[in-house]
Amino acid sequence: MVKTPDKLFEIYLSSVGRGANLILNIPPDRRGLLNENDVKALYGWKQMIDNAFKKNLALRAIVKSDSYRGNSNLYAASNVADGNKETYWATNDGVTTGKLEIDLGSIKTVKYITLQEYIKLGQRIKSFSIYVWENGNWLEVSKGTTIGYKRIVKIEPIETDKIKVVITASKASPLISNIEIY
C-alpha cells in the first residue's frame, strides 16, 4: 500500500522527531525503479517537510536562561539559537533543572518546536515542559520525557512572541545545543 504524504509526515514526526531512524521500506519494482505512485507520495511528503520547517523563528533570537555554567559565554543560553550544533547551553555541575526563554521579537504562529541535546556528551534529560506566552501568562503546551539527538514537538498552532523550555529532570547537567521554532 502506498502511504499518503500526510501519513509519511506523521511517520517522520514519530520517528525522526523522536530521535529514531526512518525506514520507509519502498522497494524497487521489477524494472529496478520506484513505483510512480510511491515517487509521487515521496515528492508530496518532501514538500510538506519543506513547508513545515521552512523558517526557523528561533534562529538568532534573544534567549535567556535562569543560569548557565560558570557564567561563561561558552555555555550561555544564546548558544541554543546560534545555528551551530557544536555550541550548547549548560547548567553548573549538580544542577539538573533549568529554564530557557526564547523571545521571538514579535507575535508568530508556532506549530513545531525542535529540541536537541549536545549528544556527544550523552543523553541526559529525563523530562521537560514547553510553555508559550499567552495573554500575560505562561501556558503549558507540551511535556515529554527524553530529548536525545532530536525531539520535534508538535503543538496546536498558537500565536505567541515567547516560548519557554523547562528542563524538569535530568541525569546530569542538561546540555541543549539547539532549539528551533516553526
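Of Lys99/Lys120; Lys64/Lys154; Lys46/Lys99, which sit over 30 Å apart, Cα to Cα?
Lys46/Lys99
Enumerate the amide H contacts of Ile62 below 5 Å, restricted to partners 5 or more residues apart or on another chain; note that Pro and chain-start residues carry no placed amide H.
Those qualifying (amide H under 5 Å, at least 5 residues apart or on another chain) are Asp103.
Using the heavy atoms of the protein chains alone and a 1.4 angstrom probe, what is the accessible area of the chain per residue in square angstrom?
Numbers: 10240 Å² over 182 residues.
I get 56 Å² per residue for the chain.
Summing Lys, Arg as +1 and Asp, Glu as -1, what charge do residues with Cβ under 10 Å from the Cβ of Arg151 carry, Arg151 excluded?
+1
Rank by packing, highest mean first: peptides 161-168, 143-150, with packing defined as the count of other Cβ atoms within 10 Å averaged across residues.
161-168, 143-150
Only helical DSSP H runs with n ≥ 4 go in: add -39500 (n - 2.57) per run for the chain, normalise by residue count and round the 222 nm mean residue ellipticity to 500 deg cm²/dmol. Spell out each step's value before the answer.
On the way: 2 runs with 28 residues, N = 182.
Estimated from H runs of four or more residues: -5000 deg cm²/dmol.
So if each residue of separation counts as 0.36 nm, and I subtract the Cα-Cα distance between Ile158 and Asn51, what length gain in nm does that give?
36.8 nm
For the chain, give the percent of accessible area contributed by carbon and sulfur heavy atoms, probe 1.4 Å, rounded to a whole number.
Roughly 49 percent, rounded to a whole number.
Describe numerically, in nm with one decimal, the distance between label points set 7 Å from Cα along Cα→Cβ at Ile26 and at Ser142.
Label at Ile26, label at Ser142, 2.5 nm between them.
Which label marks the calculated value of semi-axes √(5λ) of the Cα gyration tensor in Å, given the options (i) 32, 22, 14; (ii) 30, 18, 15; (iii) 33, 19, 14?
Recomputing semi-axes √(5λ) of the Cα gyration tensor in Å here picks out (iii).
For the range 78-135, what is the convex hull volume of its Cα atoms per residue in Å³?
So the per-residue hull volume is 124 Å³.
The values are calculated or read from the model by the stated rules, or taken from the named source; none is laboratory data. Values in this document were obtained by computation on a predicted structure and should not be read as measured data. Don't worry about glycine lacking a Cβ; one is built from the backbone with ideal geometry, like all the others, and counts go over all protein chains shown. Heads up: the accessible areas ignore ligands, DNA and RNA and are worked out on the full protein's heavy atoms, side chains in. Shrake-Rupley method; radii C 1.70, N 1.55, O 1.52, S 1.80 Å.
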